[in-house]
Every structure is written in structure tokens, then in C-alpha cells.
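Derivation of every value follows stated rules applied to the coordinates shown; laboratory data play no part. All values derive from a computational prediction rather than experimental measurement. Here the Cβ is made from the backbone with ideal geometry for all residues, glycine too, and neighbour counts use every protein chain on show.
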Amino acid sequence: MNKVVVFDMDGLMFDTEPIYFKANKKTAERLNIPFDYAFYEKHIGASETDFFAAMYRKFPDHNVKQFTIDSKKDVEEFLVSEPPEMKKGLVDLLEYLKENNYKTVVASSSERKLVEKLLTLSGLESYFDGLIGGDEVAESKPHPEIFQKAVERVGNKESDILVLEDSLNGIRAAYSAGYKVVMIPDLIKPTEEARTKTLEIVENLEEILIKIKSENFF
């Protein structure tokens with residue numbers, strides 16, 4: 001039986017959320033859209049499509065269409081000029097998984113192009129056996145489709161699967177797919193629902209490595 005570890009990306013592998021907010025805030029200010037962190041926080045973990053749909057609902061009298069175009073450019077510029085830090089323990093975890101023949105795959109709500117860009121900028125692309133972006137699925141998290149398709153790319157029905165997530169929508173998606181999921185909180189604090197639907201909630205990826213070595217999750 002092969003073992004598969006599925007990684008969310010934003011907030012789990014990289015400290016990207018502050019950069020995304022900063023870039024989106026810059027775009028919104030240029031277009032006079034009253035965008036703030038309270039609104040942004042509600043949509044952490046959502047796909048780009050769902051986030052933009054929420055923008056249209058929240059700001060119907062503003063130029064959201066231009067925001068959807070300009071924000072992508074601003075995000076890419078920020079990622080190049082201010083590359084996000086990798087989360088503590090990420091490289092050690094990936095090295096261990098690769099050396100011990102685990103299958104690894106990224107399942108991110110971000111567009112595939114953005115996922116590939118971050119993996120390339122960070123030099124991590126060789127650690128992963130596959131990836132899937134939010135623009136490659138019909139339904140976004142909390143629907144389980146993205147995790148199901150991620151597993152299809154690197155595993156099979158007999159695979160032992162562990163999902164690593166930082167958002168409640170991601171946890172819901174993994175739980176709905178019937179996969180084991182562990183939460184490593186980033187900006188979103190654990191809720192009672194998160195505690196109920198996860199195997200465990202840990203502080204960082206270093207703890208994940210310790211527990212995998214101890215065969216706690218597989």
C-alpha cells in the first residue's frame with residue numbers, strides 16, 4: 001500500500017496570506033474599493049473564483065471586474081519582489097517523505113500557474129509527484145473534488161492518505177473525501193468543528209515529521 005501525503009499550499013507550506021492581502025489591498029485602493037482584512041479573512045482557503053464572486057456580491061457598485069484582472073498581476077509582482085517564507089520544518093519533512101518513498105502532491109485553491117511559480121521560486125518542485133490547482137476542478141473546497149483528484153494523480157483506491165491543512169474549508173473537504181486530515185493552524189484558529197474532523201491539531205510541520213516517523217499517522 002502506498003502512502004500519500006497531500007499538502008495544501010497557502011498558509012501551510014508558505015506564509016503567503018499576508019502577501020496576498022497586501023497585494024489585493026493595493027489593487028483595491030487603486031480602484032477605490034473599500035477592501036479590508038475582515039472581508040479577506042472570511043475567504044481564506046477559498047478558490048480564486050469563489051473569492052471574486054464574493055467581491056462582486058460585497059462591492060456591486062465598484063469596478064470588481066478590473067480588480068479581478070489587476071489583482072493577479074499585483075500578486076505575482078509581490079511574490080517575486082517579496083518571496084514568502086517557507087513554513088518551519090517544510091524542507092525536512094519533504095526530504096524525509098522523498099527518501100522514504102511516500103507520494104506527495106499539492107492540492108491548492110490557488111491557480112495551478114501560481115502554485116508552479118511558488119514551487120519553482122522556492123526550489124521545491126522536485127519534491128512533489130504531482131499538483132492540482134483550484135482552476136482544475138469544478139467545485140472548490142469545502143467540496144472534496146480537489147483532494148480526490150489529487151490522490152488520483154499519485155495514488156489509488158488502496159492508498160493510505162494523509163491531508164495537511166490550515167483552513168476549515170480544507171479540513172471539511174478532506175473529511176468529506178474520507179481522508180485523514182491534520183490541521184496546522186495559520187491565520188485561522190481551530191474551531192470545535194476542526195477539532196472534531198481532524199486526527200490532530202499540531203503547531204508546525206516539524207511536529208508532523210516527528211509523528212510520521214513515530215508511525216502516528218500511517
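The sum of -39500 (n - 2.57) across all DSSP H runs of n ≥ 4, divided by the residue count of the chain, sets its helix-only mean residue ellipticity at 222 nm to -14500 deg cm²/dmol. Amide hydrogen proximity for residue 14: with H placed 1.01 Å from N in the peptide plane, the residues at 5 or more positions away or on another chain lying under 5 Å are 87.
Shape summary of region 100-189, radius of gyration then Dmax from alpha carbon positions: 12.6, 34 Å.
Shape index of region 6-66: Rg/Rh, with Rg the Cα radius of gyration and Rh the Kirkwood radius from the inverse mean 1/r over Cα pairs, equals 0.98. Exposure here means at most 16 other Cβ atoms within 10 Å; with trypsin sites (Lys or Arg not before Pro) in a DSSP loop as sites, the longest stretch of the chain lacking them is 1-87. Phi angles of region 34-39 translate, via the Karplus equation with coefficients 6.51, -1.76, 1.60 and θ = phi - 60°, into HN-Hα couplings of x, 7, 9, 5, 4, 5 Hz per residue; Gly and Pro are given as x.
Can you give the relative contact order of the chain as a percent, counting alpha carbon pairs under 8 Å and 6+ residues apart?
Working: 359 pairs, mean separation 58.7, N = 218.
Relative contact order, the chain: 27 percent.
The HN-Hα couplings worked out from phi for region 97-113 by the Karplus form 6.51 cos²θ - 1.76 cosθ + 1.60 (θ = phi - 60°) are 4, 5, 5, 10, 6, 6, 8, 10, 8, 9, 10, 10, 6, 5, 4, 3, 4 Hz, whole numbers, x standing for Gly and Pro. Amide H contacts for residue 180 (H built 1.01 Å from N in the peptide plane; partners 5 or more residues away or on another chain; cut-off under 5 Å): 161, 163. Under a model in which nothing but the beta-carbon of Lys, Arg (+1) and Asp, Glu (-1) is charged, the chain shows a dipole of about 380 debye around its Cα centre.
Its residue count N fixes a reference of 2.2 N^0.38 Å for the chain, and the Cα radius of gyration divided by that reference is 1.00. Applied to region 167-183, the Karplus parametrisation 6.51 cos²θ - 1.76 cosθ + 1.60 on θ = phi - 60° returns per-residue 3J(HN,Hα) values of 10, 5, 4, x, 4, 4, 5, 5, 4, 5, 6, x, 9, 5, 9, 10, 9 Hz, with x for Gly and Pro. Given the options 51, 59, 147, state which has the largest fluctuation in a GNM of the chain using a 10 Å cut-off (strictly under) for Cα springs. Checking each option, the largest mean-square fluctuation is seen for 59.
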